[in-house]
Amino acid sequence: MATGCCIEAVKAVLHGHVQAALAVVRPPGHHAECARAQGFCFYNNCAVAARTALAMEGVNRVLVLDWDVHHGNGIQEVLWEDPDVLYISLHRDPTNFYPYCAGFKHEVGAGPGTGFNINIPWTKRGMVDADYMAAFDMVVEPVVQSYQPDLIIVAAGFDAAKGDPLGGCKLTPQGYASMTKRLMAYTGGKIVLALEGGYNTRITADCAAACTRALLGESLEEIARVQADANAFEQDSCCMVMEPKDREVPLGEAIKTLKQVAAIQAPYWPVLQEELVEARWKAHEQALLNAKRRT
């Protein structure tokens, strides 16, 4: 049922019945490999949906972007030698985090698929929106723009969200909405989000709702306002204590990881040459300074 739902979402988008879609499915799929189920996953929803898309007229390249806090080892395995699907994953370093076996920077694909597998493994807990925005500026979007996919599928796990009991990170609903908006700028907005991990149902719902608002065309300002109103109501009704604001600049360790990933991938993606990545980091840093001055 979950895999079928993702397939139908892809078909609906590619046939023009809808501009974009969110597949609210269980069980998740990105850990499922060809020969075994694992990590609560039985069939690899996103990988099967990507292959389905490639069989349809006019689709030659698919991007699968995975922002689940765990690496999608199953997606990587299924697509390892496939040059028609670009897999990009942002996740916690598997050296000491599930799935342990895959998701390292040096894993770039094999055979004709070499260079079409990009792993961004965070080496620290507590990653926030600022770290992901830096990743999009420095690595993700330059590669996506070069690749020019015909369809984007997001393995949309929300276990990197603040308050998730397993993820150990601090992304906000607005952060997820921002990533959604940024991806929508490509492929004429043809994008399918497929639900993956998330272990606090309220937080998962908040993040999925923010992404849905983004898909429906709401501005990031409006999405932030709605979420702020919801948070204020919850704090009033539950006597919750206001938490301190998360940092607004990326960790130095995050920038180091992004530069390392770029160096590994540069032979396959000219846009990741050292001088270009450094220039994008300087521009990102300046934008942060300008935003701080305005406040």
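The values are calculated or read from the model by the stated rules, or taken from the named source; none is laboratory data. All of these numbers come straight from a predicted model, not from anything done at the bench. Reconstructed Cβ throughout: ideal geometry from the backbone, glycine too, with neighbour counts over all protein chains shown. Accessible surface areas use protein heavy atoms only, side chains included; no ligands, DNA or RNA. Shrake-Rupley method; radii C 1.70, N 1.55, O 1.52, S 1.80 Å.
Here r is the Cβ-Cβ distance between residue 285 and residue 222 and R0 is 35 Å; the resulting FRET efficiency, rounded to 0.05, is 0.80.
Once you've got the Cα coordinates, tell me which of 170/256; 181/282; 105/259; 170/245; 105/245; 190/282 are over 21 Å apart. Cα-Cα > 21 Å for 181/282; 105/245; 190/282; rest within.
Once backbone amide H atoms are built at 1.01 Å from N, residue 56 has no partners under 5 Å, excluding neighbours fewer than 5 places away on the same chain. Calculated FRET efficiency, residue 17 to residue 114, Cβ-Cβ distance, R0 = 35 Å: about 0.45 to the nearest 0.05.
Its Cα gyration tensor gives the chain an equivalent ellipsoid. The semi-axes, each the square root of 5 times an eigenvalue, are 27, 23, 19 Å from largest down.
Centroid-to-centroid, using Cα positions, region 156-228 and region 119-154 are 14 Å apart. Peptides 23-32, 121-130, 103-112 ranked from most to least packed by the mean count of surrounding Cβ atoms within 10 Å: 23-32, 121-130, 103-112. Within the listed set 22, 220, 63, the Gaussian network model of the chain (springs between alpha-carbon atoms below 10 Å) gives the highest mean-square fluctuation for 220. In the chain, helical runs assigned H by DSSP with n ≥ 4 each contribute -39500 (n - 2.57); averaged across all residues and rounded to the nearest 500, the mean residue ellipticity at 222 nm is -13500 deg cm²/dmol. Couplings 3J(HN,Hα) of region 281-293, computed from phi: 5, 4, 5, 5, 4, 5, 4, 5, 5, 5, 5, 5, 5 Hz, in residue order, whole Hz [Karplus 6.51 cos²θ - 1.76 cosθ + 1.60, θ = phi - 60°; x for Gly and Pro]. Each principal axis of the Cα atoms in region 93-239 has its own extent, and those three values, largest first, are 56, 38, 23 angstrom.
Ignoring ligands, DNA and RNA, please state the percent of accessible area on region 1-86 from carbon and sulfur, probe 1.4 Å. Carbon and sulfur: 56 percent of the exposed surface of region 1-86. Averaged over its residues, region 159-295 has an accessible area of 53 Å² per residue, based on protein heavy atoms and a 1.4 Å probe. Accessible area per residue was computed with a 1.4 Å probe on protein heavy atoms; residue 268 scores about 100 Å². For region 166-295, the fraction of 1.4 Å probe accessible surface lying on carbon and sulfur atoms is 59 percent. Amide H contacts of residue 66: 88, 89, 90, 155, each under 5 Å away and 5 or more positions distant or on a separate chain (H built 1.01 Å from N in the peptide plane; Pro and chain starts excluded).
Between the C-alpha center of region 3-60 and that of region 100-117 there is a gap of 21 Å. Remark: the chain carries a charge dipole of roughly 320 debye about the Cα centre, counting +1 on each Lys and Arg Cβ and -1 on each Asp and Glu Cβ.
Quick one: grab the alpha carbon gyration tensor of region 101-187, order the square roots of its eigenvalues as a ≥ b ≥ c, and give me rounded if a/c is under 1.5, else prolate or oblate depending on whether a/b is larger than b/c.
Oblate, because a/c is 1.5 or more while a/b does not exceed b/c.
Protein heavy-atom accessible surface, 1.4 Å probe, per residue over region 44-103: 31 Å². Compared with the alpha-carbon gap, the fully stretched path from residue 55 to residue 229 is longer by 58.3 nm at 0.36 nm per residue. With q set to 0.11, 0.14, 0.18 Å⁻¹, the log10 of I(q)/I(0) for region 1-88, from the Debye formula over equal scatterers at the Cα positions, is -0.28, -0.45, -0.75.
Per residue, how much space in cubic angstrom lies within the convex hull of the C-alpha atoms of region 153-237? Mind dumping the intermediate values first?
Numbers: hull volume 7.1 nm³, N = 85.
Given the Cα convex hull of region 153-237, per-residue volume reads 83 Å³.
Modelled spin-label separation between residue 36 and residue 182, with each label point placed 7 Å from Cα along the Cα-to-Cβ direction: 3.5 nm. Whole-Hz Karplus values for region 153-168 come out as 10, 9, 7, 8, x, 10, 8, 8, 6, 4, x, 5, x, 10, x, x Hz, taken residue by residue from phi with 6.51 cos²θ - 1.76 cosθ + 1.60 and θ = phi - 60°; glycine and proline positions read x.
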